[in-house]
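The values are calculated or read from the model by the stated rules, or taken from the named source; none is laboratory data. Model, not experiment: these values are computed from the prediction. A quick note on method: Cβ atoms are made from the backbone with ideal geometry, for glycine too, and the neighbour counts reach across all protein chains shown. Accessible surface areas use protein heavy atoms only, side chains included; no ligands, DNA or RNA. Shrake-Rupley method; radii C 1.70, N 1.55, O 1.52, S 1.80 Å.
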Amino acid sequence: QVQLVESGGGLVQPGGSLRLSCVASGNIFSVNHMGWYRQAPGKARELVARVISGDNRNYADSVKGRFTISRDNAKNTVYLQMSSLNPEDTAIYYCHAIIQRVSDGPTFQYWGQGTQVTVSS
């Protein structure tokens with residue numbers, strides 16, 4: 001089995017910062033994409049940022065220049081450093097990964113349980 005476990009959410013004031021972490025563990029041969037999605041109340045889940053194999057990063061336009069995604073391949077961990085947070089960033093943030101469990105095997109996508117980020121004064 002594979003698990004994604006997130007940490008680092010919480011309540012922060014507008015203009016503040018938070019750092020999210022997500023660790024992938026279990027039966028893992030290789031981790032391809034790792035990234036973060038978010039879902040605000042009444043809205044669809046959306047991509048926030050992701051790291052594709054290598055050093056290729058994608059960001060949603062709404063977070064460019066404020067959020068930074070990074071990855072520690074040795075630890076199967078992805079981080080999301082969030083700065084200049086505003087109330088529109090309030091959402092549940094989900095870790096997402098595309099993982100190959102065995103050599104020459106297929107890839108599967110996995111989701112974390114989600115961590116709440118609330119930006120409010």
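Things worth noting here:
- Per-pair calculated FRET efficiency, R0 = 25 Å: R66 and Q109 via Cβ, rounded to 0.05: 0.45
- Whole-percent carbon and sulfur share, accessible surface of the chain, 1.4 Å: 47
- FRET efficiency, 1/(1 + (r/R0)^6) with R0 30 Å, evaluated for K75 and A44 via beta carbons: 0.45
- Once backbone amide H atoms are built at 1.01 Å from N, L85 has G15, G16 as its partners under 5 Å, excluding neighbours fewer than 5 places away on the same chain.
- Distance between the pseudo-spin-label points of Q100 and N58 (7 Å out from Cα toward the beta carbon): 2.0 nm.
- Placing +1 on the Cβ of every Lys and Arg and -1 on the Cβ of every Asp and Glu, with nothing else charged, gives the range 59-121 a dipole about its Cα centre of roughly 140 debye.
- In the context of the full set of protein chains, the chain has a per residue accessible area of 52 Å² (1.4 Å probe).
- S21-S83 FRET efficiency (beta carbon distance; Förster radius 25 Å; 0.05 resolution): 0.95
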